[in-house]
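See structure below.
The values are calculated or read from the model by the stated rules, or taken from the named source; none is laboratory data. Remember, it's a predicted structure, so these values are computed and weren't measured experimentally. A quick note on method: Cβ atoms are made from the backbone with ideal geometry, for glycine too, and the neighbour counts reach across all protein chains shown. Just the protein is used for accessible areas: all its heavy atoms, side chains included, with ligands, DNA and RNA removed. Shrake-Rupley method; radii C 1.70, N 1.55, O 1.52, S 1.80 Å.
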Amino acid sequence: MERGHRGGAHSSTAAVQATNDDAATSKLSCVNKGYIKDDYVHLFVRKQIRRAPIINRGYYARWAVLRKLLLQFLNTQTDERKQILSLGAGFDTTYFQLLDEGIAPHLYVELDFKEVTSKKAAIIEHYSQLREKLGPDASISREKGEVSSSNYKLLPIDIRDVRKLDDMINITQLDPSLPTFIIAECVLIYLDPTSTRSIVGWAASIFSTAIFFLYEQINPDDAFGEQMIKNLESRGCALLGINATPTLVSKERLFIDQGWQQSVAWDMLRIYDEFIDIEERRRIERLELFDEFEEWHMMQEHYCVAYGINDQKGLFDNFGFPKD
């Protein structure tokens, strides 16, 4: 099955889905070396692989920025219940971690292709430490790739079809009026630009008090960027959307053009240096011998976080990266 093509580059759905396995493997490598805490990711990884220090540090930075922004959202002062919607969630275990910490939102919804959600549903059903956290009334279907409990929903949906996203709102009982945090980590960049604009615009029109978090690649036109794209294309994972939003400014424009009130984009080098807590940086920098500083700087300049904000209720004045 093809996700489409742009400029002769093809993106295979199966190959893009395989990046989910890579992400889980990288996360487990970080856990094993002490970068991050995750008591569940090992359940989703068949073969443990020790990643290079630069990969561990890069994945840590990705995890740390999402976690810090997510905690800002969850700690926002309001009497209203909060909800999280994860697009292309893969084998992410954030819900179970938040549950352990006592800070899980009222509703956590995950969407992905059926091939992924069926595997995730099977793993949740198999392991009691996951299954029992969903409560006695949870329903799990490996065949359908669905999990449903009072506070957690996993559904097989092709997010390119906005009509199915509308149906998902009804099925999951997401409340468009409640504060919502939407996650898309290395997801939209694999879609054609028209699909990406449709998804971002759909979310802006549905959720009036929301954050839309993107983590993905930028800067395709220099030598490092060209090699990054070639490497992904050789695996069948073309970045179909990168030429439409190749820079930080264009990431911000994506949100504004599709109806979000505010947007901010920083590259990961700036995020690591200026946003991730300095005590945490000092801690993880002692974990492994690290001498790949030039490559580290180049790699981090080719990934970014961008987020859009809709703030009808005035909850997010203090959310996000430090104001310039």
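Give, as residue ranges, the helices (runs of 4 or more DSSP H) completely inside segment 41-145 that count at least 3 residues that are of a type in the set (G, A, S) and in contact with a strand residue (DSSP E or B) (Cβ under 9 Å, 6 or more places away or on another chain).
Working: elements: 53-74, 94-101, 114-126, 128-131.
By residue number, 114-126.
Going by the structure shown, is I271 among the β-branched types (V, I, T) and part of a helix (DSSP H, G or I)? Here the answer is yes, as I271 does meet what is asked. Among the residues here, A104 does not qualify as aliphatic (A, V, I, L, M), in contact with a helix residue (DSSP H, G or I) (Cβ under 6 Å, 6 or more places away or on another chain) and crowded, with 22+ Cβ neighbours inside 10 Å.
Taking F290 as the residue in question, decide whether it is of a type in the set (F, W, Y) and either open to solvent by less than 10 Å² (accessible area, probe 1.4 Å) or in a helix (DSSP H, G or I) (or both). Don't jump to the end; show me each part of the working.
On the way: of a type in the set (F, W, Y): yes; either open to solvent by less than 10 Å² (accessible area, probe 1.4 Å) or in a helix (DSSP H, G or I) (or both): no.
Taking the combined requirement at face value, the residue does not satisfy it.
For segment 247-262, the tally of residues that are of a type in the set (S, T, N, Q) and within 9 Å of G308 (Cβ to Cβ) stands at 3.
Identify the residue in segment 40-79 that is among the charged types (D, E, K, R) and at pLDDT below 95 and, among all such residues, is most open to solvent (accessible area, probe 1.4 Å).
Residues of segment 40-79 that are among the charged types (D, E, K, R), as a first pass: 46-47, 50-51, 57, 62, 67-68, 79.
With the extra rule that they be at pLDDT below 95, the set shrinks to 46-47, 50-51, 79.
Details: R46: 244, K47: 150, R50: 179, R51: 54, D79: 162 Å².
Filtering segment 40-79 for residues that are among the charged types (D, E, K, R) and at pLDDT below 95, the one most open to solvent (accessible area, probe 1.4 Å) comes out as R46.
Each residue in segment 178-195 was checked for being part of a strand (DSSP E or B), surrounded by fewer than 24 Cβ atoms within 10 Å (Cβ to Cβ) and not charged (D, E, K, R), and 2 of them qualify.
Residues checked against (1) modelled with pLDDT of 95 or more; (2) aromatic (F, W, Y); (3) in a strand (DSSP E or B):
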{"site": "A15", "(1), (2), (3)": "no, no, no"}
{"site": "A24", "(1), (2), (3)": "no, no, no"}
{"site": "C30", "(1), (2), (3)": "yes, no, no"}
{"site": "Y35", "(1), (2), (3)": "yes, yes, no"}
{"site": "D38", "(1), (2), (3)": "yes, no, no"}
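F321 meets the conditions (1) hydrophobic (A, V, I, L, M, F, W, C); (2) under 30 Å from N32 (Cα atoms); (3) open to solvent by 10 Å² or more (accessible area, probe 1.4 Å) in every case but one. The failed one is (3). Please indicate, with yes or no, whether at least one residue in segment 252-260 is surrounded by fewer than 17 Cβ atoms within 10 Å (Cβ to Cβ) and in contact with a Gly (Cβ under 7 Å, 6 or more places away or on another chain). Yes, because at least one residue in segment 252-260 is surrounded by fewer than 17 Cβ atoms within 10 Å (Cβ to Cβ) and in contact with a Gly (Cβ under 7 Å, 6 or more places away or on another chain).
Does segment 297-306 contain at least one residue that is assigned to a loop (DSSP other than H, G, I, E, B), open to solvent by 20 Å² or more (accessible area, probe 1.4 Å), modelled with pLDDT of 95 or more and of a type in the set (A, V, I, L, M)? The answer is no, given that none of the residues of segment 297-306 is assigned to a loop (DSSP other than H, G, I, E, B), open to solvent by 20 Å² or more (accessible area, probe 1.4 Å), modelled with pLDDT of 95 or more and of a type in the set (A, V, I, L, M).
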